[in-house]
Amino acid sequence: REEGMPIQQAAIVGVQEVITPIFASIITTCVAFIPLIFFEGFFGKLVSYIPLIVILMLIGSLLESMFILPSHMAGKTWFLEKFSQKEGQKSWFHKYEISYLNFLTKLFKKRIPVIMIFVAFLIGAGFLYQKEMSFAMFPREESKEVFITVKAPKKTTRDETARMIAPLEEKFYSNSDNVVGVRSSIALSRRGGEVNENEASILVELIPADDRPTSMNKLLDEWEGFAKTLPDLEVKFQRGRWGHGSGNAIDLQIQENNDTKRKEIANALFEKMKEMNDVIDLEIEDPLIKKEYLVNLNQNRLIKFDIPPTKVSTALRTFVEGSILYSINKGEEEVDVRLSVPDLAKNNLDELLKLEVENSSGQLVKLDKIVTIEEVDRPVNITRNNYKRTTMIYANLKPESGTTPLQLAERLEQNVFPEINNRFPSAILSFKGEVEDTRESQGEFRNSVIIVILMIYMILVIMFDSLTKPFLVLSVVPFGVAAVIFVLYAHGMSVYGFFAAIGALGMVGVVINDAIVMIDKIEKRIADSDEDPWHCIARVAATRLRPVLLTTITTVVGVLPTAYGIAGYDSMLAEMMLTMGWGLLFGTFLTLMLIPMLYTFVRQTNFLAK
């Protein structure tokens, strides 16, 4: 329109000019998110819908911008006739484009020093990442759950424990403005196994942070103060870790079929972790130990009295739980009639030994003639993983320590595990929960980045018909990521999470789009221009200043309110929007400087020419 074309022709020519780079930009952005579909496990389910939403929105945006928007721009409406610029008329923004053109012209004359500054920026970001940054799956999530473990005095029965925690439950219920519900478990472990009757666990589900009047810190302070007024109870509070049922930062699994060795390993690890200054809330998940009676058959006596072993097992089963004689139908209900012994007899081992077993000749022989009873102490439940018995050690990290679960796991694997494995070579030590999920997501994300870059590179090869020219576009990626690193560090976020990486992925997609559109237009205009190549590059780049800035500003304005919790806060989305918003802001600034400047080397050396 500014070049003097009628508005309908300008709309058509404008669309034709940008349709190829815009289409390529849409495809590359879609490609950047597609790998999230193939993430496995818990977090794969969590992020699997993000690519679908992004792709559908981009397709809708493409259709609207290619067909609907040009029709509106070309239509003769009162609004367009009143407010649109006339043929050949420059917009108010034109003076800023001239300033940008002059700035680039001066910048091109100092390309080498500026490139060195960019390289120093990149090196600085890499150094900062290695020394100061660390990864945790969900480092700053606003938990919606509180886990409370309670221990009453030893020899407290299950019923007495339930009555003793009642004041705690009432305290939680009284905070109806903040609490959704309370679930208590008596004498049960985290995984449902039976433990001592004096132990209990309470799960308190909270109303989301935006909707509750009291922060979690204030609630915990109030509840911990109340718990101290209950002298007979040992109470520990811990925030629920999003997505992890144990509620702990560290879930260490010990696999060893030998109970004695497994207990020795657990105690050794417990003592080693107890010496670490950044570890708190250490706990070994021990099952309840109860007396057990083993019935040992005397083979010689069985042969002497001609008694099949199955007869003994049937008699014992009938004594303990009864034997079904027949069933009676009462309407829709079926009632079993059992033959058993009085309940009082089941509590006396001597009565069991008086039980008579029939031999093959129909004669009765007392049980004490053919068996011996051995009394042992054994756990009431056994947990296995891949056919090996397991014991779990749980721990949390001091918030002020700055240590991530992954860092602690690596420290244990390097300094503690080798000694344990040398002493107990048949044992398997591994981490579950957040550490396992973090490692899986790291590997998958790393592979996804490689696949994304390769796919984007192939798309750009087809678009530019060159094997080397796509590297010019992809050069903005490391600088955009470097900008994200500085942004996170400036906000005091030396520990970044999974959603920060997704936000950086979206930011890179937008910055790449800006680079594609800019390079495509430079390519088209410079081929038909007789003017100085550097001036032509600066002039064409200046024409892209307005759309690039509009894309950036509208995106930043859209995402930063979420990043800072304006009108509502979500910790995961805040981290993602923060990296996307500020990363895009700095990435755009780098793109406007870096891409035209790098293209001057292309024209000067003819290195990327067809």
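The values are calculated or read from the model by the stated rules, or taken from the named source; none is laboratory data. Remember, it's a predicted structure, so these values are computed and weren't measured experimentally. Positions of Cβ are backbone-derived with ideal geometry, glycine not excepted, and every protein chain shown enters the neighbour counts. Just so you know, the surface numbers come from the protein's heavy atoms only, side chains and all, with ligands and any DNA or RNA stripped out. Shrake-Rupley method; radii C 1.70, N 1.55, O 1.52, S 1.80 Å.
Here are a few things to note about the model shown:
- Local electrostatic count, Leu203, Cβ distance below 10 Å [Lys/Arg +1, Asp/Glu -1]: -1
- Normalised by residue count, the stretch 415-494 yields a Cα convex hull volume of 169 Å³ per residue.
- D_trans [Stokes-Einstein, Kirkwood Rh over alpha-carbon pairs] for the chain, 4 °C, 1.567 mPa s, µm² s⁻¹: 42
- In degrees, nearest ten, helix 49-63 long axis to first principal axis of the chain (Cα): 20
- Accessible surface of Trp534 - all protein chains present, 1.4 Å probe, nearest 10 Å²: 80
- Restraint check, Lys261/Lys369; Lys261/Lys346; Lys90/Lys521, Cα-Cα greater than 28 Å: Lys261/Lys369; Lys261/Lys346
- Along the axis of the charge dipole computed for the stretch 474-556 (Cβ charges of +1 for Lys and Arg, -1 for Asp and Glu, origin at the Cα centre), the listed residues Val556, Val477, Ile537 are led at the positive end by Val556.
- Environment charge at Val357 (Cβ cut-off 14 Å; Lys +1, Arg +1, Asp -1, Glu -1): +3
- 12 Å Cα-Cα reach of Lys388 towards aspartates and glutamates, excluding residues that sit fewer than 8 places from it in its own chain: Glu256, Asp259
- The chain, relative contact order in percent, only Cα pairs under 8 angstrom and at least six apart counted: 19
- Surface exposure of the chain, expressed per residue as accessible area with a 1.4 Å probe, stands at 54 Å².
- Taking all protein chains as they are arranged and a probe of 1.4 Å, the heavy atoms of Tyr564 leave approximately 110 Å² accessible to solvent.
- Packing-based ranking of 462-468, 160-166 yields 160-166, 462-468, ordered from highest to lowest mean Cβ neighbour count within 10 Å.
- Hz values of 3J(HN,Hα) by residue in the stretch 206-215 - Karplus curve (6.51, -1.76, 1.60), Gly and Pro given as x: 9, 5, x, 4, 5, 9, 9, x, 10, 6
- Angle between the chain longest axis and helix 498-527 axis [Cα atoms, degrees, rounded to 10]: 20
- Listed peptides 315-322, 282-289 by packing density, highest first (mean Cβ within 10 Å): 282-289, 315-322
- For the set Lys171/Lys228; Lys263/Lys398; Lys110/Lys469; Lys290/Lys354; Lys218/Lys274, the pairs lying more than 21 angstrom apart at their alpha carbons are Lys263/Lys398; Lys110/Lys469; Lys290/Lys354; Lys218/Lys274.
- Using a probe of 1.4 Å on the protein chains alone, the accessible area found for Ile55 is around 40 Å².
- Ordering of 26-32, 376-382, 416-422 by burial proxy (mean other Cβ atoms within 10 Å per residue, highest first): 26-32, 416-422, 376-382
- Taking all Cα pairs closer than 8 Å and separated by 6 or more residues, the relative contact order of the stretch 346-436 comes to 13 percent.
- Loop-located GluC sites (Glu not before Pro) in the stretch 1-37, at most 10 other Cβ atoms within 10 Å (DSSP): Glu3
- For Val180, the amide hydrogen comes within under 5 Å of the amide hydrogens of Glu205, Leu206, Ile207, counting only partners 5 or more places away or on other chains and with H modelled in the peptide plane.
- Once the Cα atoms are used to define both axes, helix 309-321 deviates from the longest principal axis of the chain by about 80 degrees.
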